[in-house]
Amino acid sequence: MTTPSPLRSEVAALLADAEDRIGLDGVGDLRRALDEPLTVAIAGKVKAGKSTLLNALIGMRIAPTGTGETTRIVTWYRHGPRYEIHAELHDGSRRRLPFERTASELEIDLDGLDANDIRRLDVAWPTPSLVDLTLIDTPGVDSINDDVSARTRRFLTEEDRTTVDAVVYLLRHTHETDLRLLEAFHDDSINRPDPVNTIAVLSRSDEIAGGRLDSMASARRISRRYTDRGELRRLVQAVVPVAGLLGETARTLTQAEFDDLGRLAEVPARDVERSLLSVDRFVAADPTVVDAAARAELLRRFGLFGVKLSTNLVRRGVADSAEAIAEVLADRSGLTELRDVLDRLLRSRADVLKARTAILGLERLLGELPSGTHPDLAERVDRVLGNAHPLRELAALASLRARNDDGPLATSIERAIGGHGTSVGQRLGCGEDTSADERRNAAWADLALFHDQRENPFTDASMKELCDVAVRSLEIVLADLELAGA
Amino acid sequence: MDGRHTTEPTSRASAGGSVHERLRATRSACEHLDRDDLVTQLDQAGARARTPELRVAVVGEFKQGKSSLVNALVQREVCPVEDDLATAVPTVVRHGTEGEAVVTLVTGAGEDVESIERTLGGDELRDHIMRPIRDDGTRVTGATISCDNRLLGRGVVLIDTPGVGGTGAGHTRNAVSSLGLADAAVFVTDASQELTASELDYLRQADEICSSVWCVVTKTDFYPDWSTVVELDRGHLRTAGLDIPVVPVSSSLRMFAVRHRDAEINAESGIPELARLIEAHLDAHVRVAEGRLGEQVDAVLDQLIAHHRAELEAVRDPDAGAHLVEQLEEARDRFDALRSGRWKQGLADGITDLRSEVDFELRARIKDISAEADASINVTDPAEVWSEFEAVLVDKIAGEVDAVYRLMLESAGDLARRIALDLDNAGVEAGRILDIDVADPADVLARATIDDEIDLKTTTSIGAGLTLLRSSYSGVLMFTMLGSMASLSAVAVPPLAIGAGLVFGRKGLRDESERLLTQRRAQARAAMKRYCDDVGFHVGKDTRDTLNRLHRTMRDTFQTHADSAVRSAREAHQAADAARRQDAETRKRRAAELAPTVARLEALRTS
């Protein structure tokens, strides 16, 4: 984000003007939010593994996790120069909270405040992974505790819509309530979390096959089916299977844990098989190898699947150091893939997503004023929304998703407008090692296809519009290629 | 009526013996007395009591390990288990020839739906259970798998159900409809998390419907904190005021134990404990059934005792006998009148009323839903909400269809009780004339009929009528769930563009989109109406057929019992009448024969 894109500068200018003219707090908030890093909310049902995934993404055990419901207040984790935690109350005031960091999590002292009075917790933490990404942990919906559910619904569907740029939604093997919540996200047609900025994670993937070693393969198959299926395709950009606990552990693995795994790997395979039949058996197994307390801790950190997988990896000599096993586990847990998808589909478009959040926020604020108050501002908002090509691409992506069309034309358009990633190679469907000439040829071929389809009398009106957007995207790609070639 | 039976020992199966021993002894007495009608009656009662089915539905949310639990209970892989796909149709697992499996399919659409059964096995069976909508246009509505297992052999029937809350066809969130007419429910939730709000809500409904509900926490082998989850669940149930036992189990440990014949691991799996609870419930069930069998045996004995005591009185004292014969004659005439009497008309009238009541309810309920659906179509865009709309519609209809069947079941029970009462009154009147000190034959009739009424009413033991009702019920229910999906999904959701507003430059699009929206709504409305009509037609037809079968069953049952009572009364009259005219020697010999018979019959009777 070193050189702001033209779109972003335009939006910033527009917000500055609007702030001068209207003087609403909301506009100032939008302008300040525009300079913040990409803000991603992690949402899902109770116990979907939201905090665990958040820890895995940050690479630290910071958000509290546990067996009961642990996250009861919306919590922001952002980069800051100092360790600091604030509570923001509904009346707008902020209060600094004392906290204590234990080996496994952050203990925040609410300092006598009632959870219901707190709008959100704001955790500032000086860690590199938060530099260009702010993460928001949300309480689960479908909680027995109605207050908690309501807090999340309010957060995701109303209150903070103007500040969240993207959503990672955690699903456990699809559940109806999940779909309904996802649908609530985009209840109005052009706004807020929608296929453009929502990624679904099939969470706790290691549990799908009850801890069998091929669990992740099963999870991958299921994710593919979801991605191909209409209901989810309409709602999200991609579905990625992730074993969050394993991912978290992979990024926070200790040498002591690796040593324990090493000792377990030396036990004869047959004994191990019987001891890994159940968690209770594992904890009660031979204390001379690893004692019960350490075994219980291993289970808490790795899960039964993780213990099976890791001892197997160590025994087969696939991984012979803590670093090596951490890498394999990150890969097997799906965390590596998720980070890649986040980079490709969200981070690479951070500028556009932020601009979009801001401009839609401004549009909403203007809409709340008596009609005709600032016709020129409204017109400028309209113009940005209608003309800025990156925004048109996002809208076209949403529209493509909604068509639920996986024909060759739709697939080509999706690729060209950045549906698979925004780099030139990704837009053209070329590998990174293709020559400039090959790329140019590919671009011209696509361009010709979209031109033809646009002129074809049998192409329906909305598809023609989509072709238009794709043509423009390719023109920009070709200009870039020329620039690079020159 | 030869003398052989008097040589039979009389004390062996006295009132102290088990009900089955009393049944055997009574049966052989009936044989010796040439009462084949009573033998048949006893055989039927015995057969019904021997197999007191306990239908246990295994229910719960999607992917909680329901099929695995069924497999663990019967110790073999009968229900298909896959990581991705889930059970999509109710799968009944019952005792029978190992490996036999039948799926029920429906073909056709609209009013030409036909139901067929197909014997399948292996992968094909698996595929049918998980993908109910077949490529050849047929739809699977259910499967029945037989296996030879001790628990099932005792009368437990397990029903593996599609999960509540999945997104595929056949998944419902309505507890009432997914429980069907099960006697008991095993609610399955896994140890990964405590009960959710929707799960608790389901449990609350299940608790109202079923005589027994167990909450089973599965996958305890996998989640280290399973015991915490179990405690949390117990707490939630207590707070909700539900007295439901929580049983932690591990199906995979059980299967390992079965494979390796490992008793220790078997105990650890928790499955034996669950089986024990189910069996205890079954035992209670059996006790009720045996109690009822005992009453029936007594009823038969009463008839025989009355008959033979009347004859005995007559041979002992011919003068008093003259008066007795008059009474018996009057009683016989009353019973005769009863046999051909008004109760048949009463039953027929009752069935007719019931038929129109059910028909009216069905129409009214579907009409209400249709109106509600119509209203909701008017304020939404079907393209955006269709899949959810479809699910809600199917779910609501299933709930109402279920309510109609319950109403039918309840009213049929009331009717049976009313007829029994009529017969009872008639019987009492007939019996009052018999002023002798023996059990009143009228009771016989009353008790026999009341028994059938209980069968229908409490669903504890299955009478023929109820079985009919149940099998047709599940078929129709599945029809509403999936059968007509074809007509619903016939509305091809038109290509739409949520984000099209932006692409088009927003304002110009409005008129065009208004027109398309109106068109979509019209399409949706037509599809919804078609579906409602379809359901109305099929359910209407099935309820009519079911009531006809029920009518026949009730008539035949009452008739058989009435016939026996009449026969007893007639034979008593004849025998007493004949005795009066016999010479003293013959009478004396006959009295010597009869006295031990009566004594033996009385010894067989309880109290």
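Bear in mind that the values in this text are calculations on the coordinates, not laboratory data. Please read all numbers here as calculations on a predicted model, not as lab measurements. Backbone-built Cβ (ideal geometry, glycine too); neighbour counts: all protein chains shown.
Treating r as the C-beta distance of A:Thr102 and A:Asp291 and R0 as 25 Å, the FRET efficiency rounds to 0.70.
Once you have a ≥ b ≥ c as the square roots of the Cα gyration tensor eigenvalues for region B:50-93, tell me rounded if a/c is under 1.5, and otherwise prolate or oblate according to whether a/b is larger than b/c. Cα axes put region B:50-93 in the prolate bin. I'd like the orientation of helix A:322-332 relative to chain A: the angle between its Cα long axis and the longest Cα principal axis, in ° from 0 to 90, rounded to 10. It is inclined by approximately 50 degrees. With contacts taken as Cα pairs under 8 Å at a separation of at least 6 residues, region A:49-135 carries a relative contact order of 39 percent.
If you take all other residues with their beta carbon under 11 Å from the beta carbon of A:Phe302, and give Lys and Arg +1 and Asp and Glu -1, the sum is -1.
Averaging the sequence gap over all C-alpha pairs within less than 8 Å and six or more residues apart, then dividing by the number of residues, gives region A:345-471 a relative contact order of 22 percent. Within chain A, what's the longest stretch lacking GluC sites (Glu not before Pro) that sit in DSSP loops with no more than 14 other Cβ atoms inside 10 Å? The reported range is A:1-265. Using a cut-off of 17 Å between alpha-carbon atoms, which lysines can reach B:Lys219, once sequence neighbours fewer than 8 places away in the same chain are excluded? B:Lys219 reaches A:Lys47, A:Lys308, B:Lys63, B:Lys66. Using the Cβ of A:Ser278 as centre and a radius below 9 Å, the other residues enclosed give a net charge of -2, where K and R count +1 and D and E count -1. What's log10 of I(q)/I(0) for chain A at q = 0.08, 0.14 Å⁻¹, Debye sum over Cα points only, no solvent? Each listed q corresponds, in turn, to -0.55, -1.41. Partner lysines whose Cα lies under 21 Å from the Cα of B:Lys344, excluding those fewer than 8 positions away in the same chain, are identified as B:Lys457. Shown for A:Arg61, A:Arg101: other C-beta atoms within 10 Å of each C-beta, ranked fewest to most, produce the order A:Arg101, A:Arg61. Relative to the dominant Cα principal axis of chain A, helix A:461-485 is inclined by about 80°. By the beta-carbon count within 10 Å of each Cβ, the least crowded to most crowded order of A:Trp125, A:Trp444, B:Trp226, fewest first, is A:Trp444, A:Trp125, B:Trp226. Helix A:375-387: angle to the longest alpha-carbon principal axis of chain A, degrees 0 to 90, nearest 10? That helix lies at roughly 70 degrees to the long axis. Counting neighbouring beta carbons within 10 Å and listing from fewest to most, the residues A:Ser423, B:Ser370, B:Ser269, A:Ser321 come out as A:Ser321, A:Ser423, B:Ser370, B:Ser269. Placing +1 on the Cβ of each Lys and Arg and -1 on the Cβ of each Asp and Glu in region B:54-269, which of B:Val103, B:Val140, B:Leu203 has its Cα farthest towards the positive end of the resulting dipole? Working it through, the farthest residue towards the positive pole turns out to be B:Leu203.
Shielding value for B:223-229 is 6, the average number of Cβ atoms from other chains within 10 Å of each residue's Cβ.
Would you mind calculating the relative contact order of chain A from Cα pairs under 8 angstrom and at least 6 residues apart, reporting the percent as a whole number? Dividing the mean separation by the residue count of chain A yields 15 percent.
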